[in-house]
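Heads up, the thing below is written out as structure tokens.
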Amino acid sequence: MNILLIGPPGAGKGTQGERLAERLGIAHLATGDLLRAEVDQGSPIGEEVAGLMSRGELVPDEVIIRLIMPRVIAAAADGGYLLDGFPRSVDQATEARKLAESGGAAPDAVIYLDAPRDELVRRILARAEIEGRADDNPDTVRTRLKVFDDATRPLIDHYRERGLLHVIDAAQDEDAVTDAILAVLADIDRN
Ligand code: ADP
């Protein structure tokens, strides 16, 4: 099964993505993690994206597509993927769809993790104390939330129109969110 996990920063994409991929036996592909690994290695891609990421802005579409699509297509051919953090705009979705269809890797379901803004900010600032991610500070969080509203939120209607969207209340505790997603996916599998 091929699944997209979308949602604002702080909604729990990373936590849920890891758990779901393990439970479902599919590959967990997280674009933020892949980009951070490039930055840590000091690769050419890492050097190109470090500044954008630390400001909370999106990296260029061609960079993210070049990084993620070969992995998406390979995972789809090998049991499926749980994709966390991509696409993040309708343009990215459109481009990915073109590449995925030729590789048989289109998504079967899109899970949207929805939570109120004050809860998102609270979680990110709590995570900042534990993980020390460079982009988990109040200024950058504001930018990331605005980028979500401007660029990513339109994907909700995009996928709803295609009959792929499932909205999950991500303000619940972690286990309840995982259970809710698994229930939705089991339902899809039966139909
Ligand atoms: P979050 O969803 O909490 O903001 P991520 O780890 O998913 O965190 O992403 C961190 C950063 O990586 C983003 O702010 C952005 O700079 C970059 N990024 C991740 N995925 C994409 C994408 N699909 N397109 C462009 N930039 C991306």
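Count neighbours as other Cβ atoms within 10 Å of each site's Cβ, and list the trypsin sites (Lys or Arg not before Pro) in the stretch 119-169 that are DSSP loop with at most 16 such neighbours.
Filter output for the stretch 119-169: Arg133, Arg162.
With the dipole of the chain worked out from charges on the C-beta (+1 for Lys and Arg, -1 for Asp and Glu) around the Cα centre, which of Ala27, Pro60, Leu125 lies farthest toward the positive end?
Highest projection toward the positive end goes to Pro60.
Within the stretch 93-191, list the chymotrypsin sites (Phe, Trp or Tyr not before Pro) lying in a DSSP loop whose Cβ has at most 10 other Cβ atoms in a 10 Å radius. Before the final figure, lay out the partial values.
On the way: sites: Tyr112, Phe148, Tyr159; in loops: none.
Here no loop site has a sparse enough neighbourhood.
Under 1.5 on a/c is rounded, so check that first for the stretch 23-109, then, if it is not, pick prolate when a/b is larger than b/c and oblate when it is not; a ≥ b ≥ c are the square roots of the alpha carbon gyration tensor eigenvalues. Please list the in-between numbers first.
Values: a/c = 2.08, a/b = 1.58, b/c = 1.31.
Because a/c hits 1.5 or more and a/b exceeds b/c, the stretch 23-109 counts as prolate.
Only Lys, Arg, Asp and Glu count, each charged at its Cβ (+1, +1, -1, -1), so figure out the dipole size of the stretch 52-152 about its Cα centre, rounded to 20 debye.
With only Lys, Arg, Asp and Glu charged at Cβ, the dipole is about 120 debye.
Which of rounded, prolate or oblate describes the chain when judged by the alpha-carbon gyration tensor and an a/c cut-off of 1.5?
Taking the square roots of the gyration eigenvalues as a ≥ b ≥ c, the chain is oblate.
I want to check the label-to-label distance for Arg153 and Leu125. Put each point 7 Å from Cα in the C-beta direction and report it in nm to one decimal.
2.1 nm
Lys/Arg Cβ at +1, Asp/Glu Cβ at -1, dipole of the stretch 15-155 taken about the Cα centre: which of Ala77, Ser43, Leu155 is farthest positive-ward?
Farthest towards the positive pole: Leu155.
Using unit Cβ charges (K, R positive; D, E negative) and no other charged atoms, how large, in debye to the nearest 20, is the dipole of the chain about its Cα centre?
220 debye
Quick check on the stretch 86-155: take the gyration tensor over C-alpha atoms, sort the square-rooted eigenvalues as a ≥ b ≥ c, and tell me if it's rounded (a/c under 1.5), prolate or oblate.
prolate
Can you show me the helix-derived [θ] at 222 nm for the chain, built from DSSP H runs with n ≥ 4 at -39,500 (n - 2.57) apiece and divided by the number of residues, rounded to the nearest 500.
-19000 deg cm²/dmol
Say we join alpha carbon atoms closer than 10 Å with springs in a Gaussian network model of the chain; which of Gly17, Gly32, Gly80 then has the biggest fluctuation?
Highest fluctuation of the listed residues: Gly32.
Compute the distance from the alpha-carbon center of the stretch 18-50 to that of the stretch 136-191, in whole Å.
Here the two parts' Cα centres lie 19 Å apart.
Read the figures in this text as sums done on the coordinates, not as results from a lab. Computed from a predicted structure; not experimentally measured. Please note: Cβ atoms are built from the backbone with ideal geometry, for glycine as well, and neighbour counts cover all protein chains shown.
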